[in-house]
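The values are calculated or read from the model by the stated rules, or taken from the named source; none is laboratory data. Only a predicted model underlies this, so the values are computations on that prediction, with no experimental measurement involved. Cβ placement follows ideal geometry from the backbone for every residue including glycine, while neighbour counts extend to all protein chains displayed. Remember, those area values only see protein heavy atoms, side chains included, never the ligands or the DNA or RNA. Shrake-Rupley method; radii C 1.70, N 1.55, O 1.52, S 1.80 Å.
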Amino acid sequence: MTVTTAGELPDTVHDVIVVGAGVVGTAIARELARHRLRTALLDACDDVGSGTSKANTAIVHTGFDAVPGSLESRLVREGQRRLAAYATETGIPVEPLGALLVAWDQEQLAALPGLAAKAERNGYHDARLICADEVRVREPHLGPGALGALDVPGESIICPWTTTLAYATQAVRGGVDLHLNCRVESVTSGTHHELATTRGLLRTRYLVNAAGLYADALDRQLGHGDFTVTPRRGQLIVFDKLARDLVRHILLPVPTALGKGVLVAPTVYGNVMLGPTAEDVDDKEATASTAEGLAALREKGRRIMPELLDEEVTAVYAGLRAATEHDDYRIRAHARQRYIAVGGIRSTGLTASMAIAAYVTELLADAGLGLGPASELEPLRMPNLGEALPRPYQRADLIAADPAYGTLVCHCERVSRGEIRDALDSTVPPGSLDGLRRRTRARGGRCQGFYCGPAVRDLFEAGQLGAGR
């Protein structure tokens, strides 16, 4: 098992290199780990899932509103089935809440039958129209003026971070080399691809470009121009756990050309989320929240659920989606070049990730990569970060076997010393306090580390020394 964050890179020719360790890149690496291949997974950041995957809305979509007949429609539908089974197998927190697509004016109400018909064309047959009275019964804290809704019972919330980390962990345990802090600066193609990175040269026979916001730049270096990425900033507000009882479903707006719009949804951690905005920006690092964006969110939230705005805010954050000029994924095989572009992965990418991975592996085989027989990966069980099942501090059996699980360090999120220790000793350990927070929730509660911050930092630094880094 190899995870590197600094130093020289191996002087060998890989069979496949995957650029980008987001949820899609890690899923592809995991799928390739089932075959006897020399595979490497690269990312410019110090952790997996640190780009576009870091700030998504954590929803497992049904694909009811995808463009019928599109690649996205097919892969989301297939990916949802795969991800649901995988989450059960590995312990990724999921809550099947269902979604209500709420109409707030006559134009939106008139659009709902068309969306129901679109769901049918996408192979999703459980969506149905419900009247305003039923909407009110099912969501009693909704603001006044809802005229009806489309009920989509198959939508769920999930822990996106655990998903990405589970993929990466199984990939590394299956023999994939993970190189972090490894930005690709240029690519030269010949008998094999030569990637000049910030940590040195890497060579590979086949190349997969899953670089998210930077996928178009890498694609152009390889002589293509199939898509252009426009960073689309999404700002979100996370409300305190005391707001959780206000919301029973994922509350979606009627979608617009800019995306699925501002939603209100619980998280698997027990909070309530409002967002995202959809702002096209020029800067691929513009992940700061803005006063204007947060004010706009609060204005929309006030209409959807006025009582929510009276609750305390735990955090605000922003992420960038890799939007393109196309309304479908841009997954293209350039067989003679032994290159697969995986671009234009929209907000449904988390849901579709496992299906995208299988599809990309098929494209690699069609391009001439000898996969050989596939083997089963070592079973994996991820730490539970969700509130639907008992956490370690609630489990007497765990605490009796190891008292560290009964010693709380972060009291807001009930994170124990044992969970922090486990994260620091894991296959893909955190490279920063933020990485530790995403793996354990420590410093992610209402005090945002004001009380537990020094203790968490001491444990993190002790873990870093113990690892010899």
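Does residue 396 count as in contact (Cβ under 8 Å) with a residue 12 or more places away in the chain, more than 25 Å from the chain's Cα centre (by Cα) and open to solvent by 40 Å² or more (accessible area, probe 1.4 Å)? Considered against the rule, which asks whether it is in contact (Cβ under 8 Å) with a residue 12 or more places away in the chain, more than 25 Å from the chain's Cα centre (by Cα) and open to solvent by 40 Å² or more (accessible area, probe 1.4 Å), residue 396 comes out as no. Cβ-Cβ distances below 7 Å connect the following pairs, each with a first residue in the range 62-79 that is part of a loop (DSSP other than H, G, I, E, B), a second residue that is among the aliphatic types (A, V, I, L, M), and a separation of six or more residues or different chains: 62/152; 63/76; 64/119; 64/127; 64/152; 65/115; 66/76.
Okay, residues lined up against (1) crowded, with 16+ Cβ neighbours inside 10 Å; (2) part of a strand (DSSP E or B):
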residue: 264; (1), (2): yes, yes
residue: 268; (1), (2): yes, no
residue: 274; (1), (2): yes, yes
residue: 277; (1), (2): yes, no
residue: 285; (1), (2): no, no
residue: 294; (1), (2): yes, no
residue: 300; (1), (2): yes, no
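Just one of the listed residues (240, 151) is buried (at least 16 other Cβ atoms within 10 Å of the Cβ), acidic (Asp, Glu) and touching a residue at least 60 places away in the same chain (Cβ under 8 Å), namely 240. Could you look through the range 31-73, keep only residues that are under 26 Å from residue 268 (Cβ atoms), among the charged types (D, E, K, R) and in contact with a Leu (Cβ under 7 Å, 6 or more places away or on another chain), and pick out the one that is least open to solvent (accessible area, probe 1.4 Å)? Across the range 31-73, the extreme among qualifying residues is 47.
Restricting attention to the range 207-221 and to residues that are in contact with a helix residue (DSSP H, G or I) (Cβ under 7 Å, 6 or more places away or on another chain) and open to solvent by 10 Å² or more (accessible area, probe 1.4 Å), the residue that is farthest from residue 52 (Cα to Cα) turns out to be 210.
Taking the criterion of being in contact with a Lys or Arg (Cβ under 9 Å, 6 or more places away or on another chain), surrounded by fewer than 13 Cβ atoms within 10 Å (Cβ to Cβ) and modelled with pLDDT of 95 or more, the only residue of the range 334-373 that qualifies is 368. Residues that are of a type in the set (Asp, Glu) and either within 22 Å of residue 41 (Cβ to Cβ) or in contact with a His (Cβ under 6 Å, 6 or more places away or on another chain) (or both) within the range 348-392 comprise 362, 366, 376, 378, listed in sequence order. Counting only residues that are under 23 Å from residue 162 (Cα atoms) and open to solvent by 30 Å² or more (accessible area, probe 1.4 Å), the range 5-29 holds 1 of them. Of the residues contained in the range 315-326, one or more are found to be surrounded by fewer than 17 Cβ atoms within 10 Å (Cβ to Cβ) and under 20 Å from residue 215 (Cα atoms). Can you spot a residue in the range 251-260 that is within 19 Å of residue 60 (Cα to Cα), part of a strand (DSSP E or B), over 18 Å from the mean Cα position of the chain (by Cα) and in contact (Cβ under 8 Å) with a residue 60 or more places away in the chain? Yes, because at least one residue in the range 251-260 is within 19 Å of residue 60 (Cα to Cα), part of a strand (DSSP E or B), over 18 Å from the mean Cα position of the chain (by Cα) and in contact (Cβ under 8 Å) with a residue 60 or more places away in the chain. The residues of the range 222-237 that are open to solvent by 20 Å² or more (accessible area, probe 1.4 Å) and within 28 Å of residue 62 (Cβ to Cβ), listed by number, are 226, 230, 232, 233. Residues of the range 213-231 include at least one that is more than 24 Å from residue 437 (Cα to Cα), over 18 Å from the mean Cα position of the chain (by Cα), in a loop (DSSP other than H, G, I, E, B) and among the small types (Gly, Ala, Ser). Among residues of the range 170-196 being β-branched (Val, Ile, Thr) and open to solvent by less than 10 Å² (accessible area, probe 1.4 Å), the one that is nearest to the chain's Cα centre (by Cα) is 172.
The residues listed here are 435, 463, 449; of these, the one that is at pLDDT below 95, assigned to a helix (DSSP H, G or I) and surrounded by 15 or more Cβ atoms within 10 Å (Cβ to Cβ) is 463.
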